[in-house]
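The values are calculated or read from the model by the stated rules, or taken from the named source; none is laboratory data. As the structure is a computational prediction, the values presented were derived from the model and not from experiment. Neighbour counts run over all protein chains shown; Cβ positions are idealised from the backbone, glycine included.
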Amino acid sequence: TEAPAATEAPAASAGELNVYNWSTYIAEDTVPNFEKQFNVKVNYDVFESNEELLAKIQPGNPGYDVIVPSDYMVEIMIAEGLLEPLNKDNIPNFKNVDERFIDPPYDPGNQYCVPYQWGTTGIGYNRAKVGGDIDSWESMFKPKSGMRIGFLEDMRGTLGAALIYLEYDVNTTDPEQIAEAKNLILAVKDQIVAFAPDNGQDLLNQGEVDIQHEYVGDILQIQENNADFQYAIPKEGSIIWTDNLCIPKGAPHKAAAEQFINYILEPQVGADISNYTFYGTPNKAALEQGLIDAEARDNPAIYPAGDVMEKLQFLKDVGDATTLYDDAWTEIKTAVGK
């Protein structure tokens, strides 16, 4: 459920919880049901990228209790001391987490976070406009004349897509490879309509772009009303990610935050979220109890086959090389002017 971005720091008082999540990334009744069940008022704000989240928390937590960073951002936040360790005694539903998401490399022992949703980034497109199916990043990096394309407002994700097309590691620290990825994007700048802040599906839905770099769930959400909208994990591979529930340092309502995290890990609650968002659930109990809709459970875009999974890469913190990505991204955004 989308909520307007906060203009002021959220208020801190008993019986409240301040959540900062991605937009369009929770079922409509998840928060209202929590409020009723636990008699807690939830103040719910949204962000559009990991970098926006970091910029909000880095100078000092303005009052949030639960945040939802992706894997590589968890790694950065732990290193910078921005997260509170979790007390698992207060999160008994952690037992419902699938083994694949336990003890991740970015948070050994799940000391600071529990998985929320997972998925891929790929290509959303209008089959009627592009004249068939798409299976390669070539559609974006060597687009046909007249094709209008959109990329995510996501430095690592967009440069990462270019790196994958070039057959490089998405976490490369090689300046020449990053420059090559930058130049690949600059070469199609005249066909780039926008860098979408986590709303590329709207551009596709409104007919403003024909091909859009986007998160799987966002494309599947608009596909419900128009079967021409398709999502592809390119044959060259793509980025896989896990978003996580964490408590930022200085959270004013830590007990309520752990209560909320435990609630999200209830099988039915987790299933309701995934059935609404069209992202993968890390909740094995939800899957084992048959709570995930069959159309989602059997959709290879949401739960890819093993051979596809082998071609997916996780983003990691690249340390000092982040400056190389920052500089390349600034050059791209300046040149495209959008």
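A few comments on the model shown:
- When A305, A335 are screened for being farther than 19 Å from A181 by Cβ and small (G, A, S), only A305 passes.
- When the test is whether a residue is touching a Ser or Thr at 6+ places or on another chain (Cβ under 6 Å) and either of a type outside the set (V, I, T) or under 30 Å from R156 (Cβ atoms) (or both), E16 does not pass it.
- Failed item, numbered, when G15 is tested on (1) modelled with pLDDT under 95; (2) over 16 Å from P252 (Cβ atoms): (2)
- Scanning the range 283-324 for residues that are within 18 Å of P267 (Cα to Cα), polar (S, T, N, Q) and in contact (Cβ under 8 Å) with a residue 60 or more places away in the chain yields a count of 1.
- Failed condition for G124, given (1) in a strand (DSSP E or B); (2) assigned by TED's automatic domain parsing to the domain that holds A251: (2)
- Among the residues of the range 92-121, the ones that are part of a helix (DSSP H, G or I) and more than 30 Å from G290 (Cβ to Cβ) come to 2 in all.
Yes/no per residue for (1) out of contact with any Phe, Trp or Tyr (no Cβ under 7 Å at 6 or more places or on another chain); (2) acidic (D, E); (3) surrounded by fewer than 17 Cβ atoms within 10 Å (Cβ to Cβ):
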residue	(1), (2), (3)
K129	yes, no, yes
D133	yes, yes, yes
P143	yes, no, no
G146	yes, no, yes
D154	yes, yes, no
T173	yes, no, yes
L184	no, no, no
V209	yes, no, no
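- Taking the numbered list (1) more than 21 Å from the chain's Cα centre (by Cα); (2) under 28 Å from E75 (Cα atoms) in turn, V269 passes all entries but (1).
- Taken over the range 49-85, the residue count meeting the criterion of being in contact with a Leu (Cβ under 9 Å, 6 or more places away or on another chain) and of a type in the set (A, V, I, L, M) is 10.
- Here F34 meets the list (1) at pLDDT 95 or above; (2) part of a loop (DSSP other than H, G, I, E, B) almost entirely, failing just condition (2).
- Whichever residue in the range 56-76 is outside any loop (DSSP other than H, G, I, E, B) and under 21 Å from A255 (Cβ atoms) and, among such residues, is nearest to the chain's Cα centre (by Cα): I67
- S139 vs. criteria of a type in the set (S, T, Y), surrounded by 13 or more Cβ atoms within 10 Å (Cβ to Cβ), over 28 Å from N43 (Cβ atoms) and in the same structural domain as T158 (by TED's automatic domain parsing): yes
- Residue within the range 299-308 that is touching a helix residue (DSSP H, G or I) at 6+ places or on another chain (Cβ under 8 Å), modelled with pLDDT of 95 or more and crowded, with 18+ Cβ neighbours inside 10 Å present: yes
- Selection count, the range 310-338, where residues are under 21 Å from the mean Cα position of the chain (by Cα) and either loosely packed, with under 13 Cβ neighbours inside 10 Å or small (G, A, S) (or both): 3
- Matching option when the condition is more than 19 Å from the chain's Cα centre (by Cα), under 27 Å from E331 (Cα atoms) and surrounded by 15 or more Cβ atoms within 10 Å (Cβ to Cβ), among Q201, Q191: Q191
- Test: residue in the range 262-276 that is at pLDDT below 95 and part of a helix (DSSP H, G or I): no
- Pair list, Cβ < 6 Å and 6+ apart or interchain, from the range 236-262 residues that are closer than 14 Å to V68 by Cβ to residues that are of a type in the set (S, T, Y): W241/S70; D243/S70; D243/Y116; N244/Y116; L245/Y116; C246/Y112; P248/Y64
- Top-ranked residue in the range 77-91 [being of a type in the set (D, E) and in a loop (DSSP other than H, G, I, E, B); ranked as surrounded by the most Cβ atoms within 10 Å (Cβ to Cβ)]: E84
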